[in-house]
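Each remark here refers to the structure printed beneath this line.
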Amino acid sequence: MTAPLRCHLLIGPPASGKTTLAGVLVPLLTAPGEPPAVLLSTDVIRAELYGDAGVQGPWRDIEARLQQRIREAVVAGIPVIVDATHAKRPWRLALTQALVLPKPVEWIGWWLYTPLSTCLQWNLTRKRLVPEPVIREMAAALADPVFGPSRAEGFAAVVAVVPTHGRELEALLRDELARLDHRI
């Protein structure tokens with residue numbers, strides 16, 4: 001029996017470094033001669049659907065496109081990285097447990113432990129600012145000791161990451177990827 005496809009769910013408040021981490025993770029998941037891992041961002045999907053990533057729009061439309069793209073990548077045997085906050089348990093469960101996929105998937109959660117003060121600071125450097133109350137709400141949801149991300153949600157592993165930038169982040173992710181088989 002072949003091993004399940006490893007797919008990756010990024011978890012963190014807005015401006016916590018998820019998109020930066022995703023950009024570093026894509027080439028680390030791509031074997032020579034293989035198609036690159038598929039990076040799916042709800043920001044990008046909102047921009048496609050509504051012409052602007054800042055337009056929240058009906059979640060059912062965003063979710064339908066996200067799920068379709070996940071299914072397409074899984075059928076093709078290509079790892080997926082889902083770049084969204086996933087700050088609340090039902091949002092994570094919608095992918096790790098409720099989404100029916102055509103092949104077995106092993107979900108890895110990448111939980112960015114970015115201090116709230118850093119998220120607020122990094123938010124000020126973004127093109128699209130997220131309102132501060134939204135960042136605070138998402139950070140509080142993730143800090144909840146009962147409802148924070150856990151393996152019980154259907155993850156093969158949840159990897160806690162304190163974000164750094166550049167070369168340090170690549171080395172950190174490379175090390176975590178090498179240890180995944182021992183953590184699962």
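Could you list all residues from the range 72-103 that are more than 30 Å from Val146 (Cα to Cα) and assigned to a helix (DSSP H, G or I)?
Correct list: Glu72, Ala73, Val74, Val75, Ala76.
Considering only residues of the range 65-82 that are open to solvent by 10 Å² or more (accessible area, probe 1.4 Å) and in contact with a strand residue (DSSP E or B) (Cβ under 7 Å, 6 or more places away or on another chain), which is nearest to Val134 (Cα to Cα)?
Arg69
Answer with yes or no whether Asp181 is over 15 Å from the mean Cα position of the chain (by Cα), within 20 Å of Thr20 (Cα to Cα) and open to solvent by 70 Å² or more (accessible area, probe 1.4 Å).
no
Which pairs do you get when a residue that is part of a helix (DSSP H, G or I), found in the range 130-143, comes within reach of a residue that is among the hydroxyl-bearing types (Ser, Thr, Tyr), reach meaning Cβ atoms under 7 angstrom, with the pair 6+ apart or on two chains?
Short answer, once both residue conditions are applied: Met138/Thr85.
Could you check how many residues of the range 145-178 are open to solvent by 20 Å² or more (accessible area, probe 1.4 Å), over 28 Å from Arg46 (Cα atoms) and not in a helix (DSSP H, G or I)?
2
Looking at Trp110, Trp91, which is the one that is among the aromatic types (Phe, Trp, Tyr), modelled with pLDDT of 95 or more and either open to solvent by 80 Å² or more (accessible area, probe 1.4 Å) or within 15 Å of the chain's Cα centre (by Cα) (or both)?
Being among the aromatic types (Phe, Trp, Tyr), modelled with pLDDT of 95 or more and either open to solvent by 80 Å² or more (accessible area, probe 1.4 Å) or within 15 Å of the chain's Cα centre (by Cα) (or both) holds for just one of Trp110, Trp91, which is Trp110.
Open to solvent by less than 50 Å² (accessible area, probe 1.4 Å) and in a loop (DSSP other than H, G, I, E, B): is that true of Ala53 in this structure?
yes
Out of all the residues in the range 27-49, which are over 28 Å from Thr2 (Cβ atoms) and open to solvent by 70 Å² or more (accessible area, probe 1.4 Å)?
Matches in the range 27-49: Val44, Glu48.
The values are calculated or read from the model by the stated rules, or taken from the named source; none is laboratory data. Just so you know, these numbers come straight off a predicted model, no measurement behind them. Glycine gets a Cβ as well: all are built from the backbone with ideal geometry, and neighbour counts include every protein chain shown. Quick note on the areas: whole protein, heavy atoms, side chains included, nothing else; ligands and nucleic acids left out. Shrake-Rupley method; radii C 1.70, N 1.55, O 1.52, S 1.80 Å.
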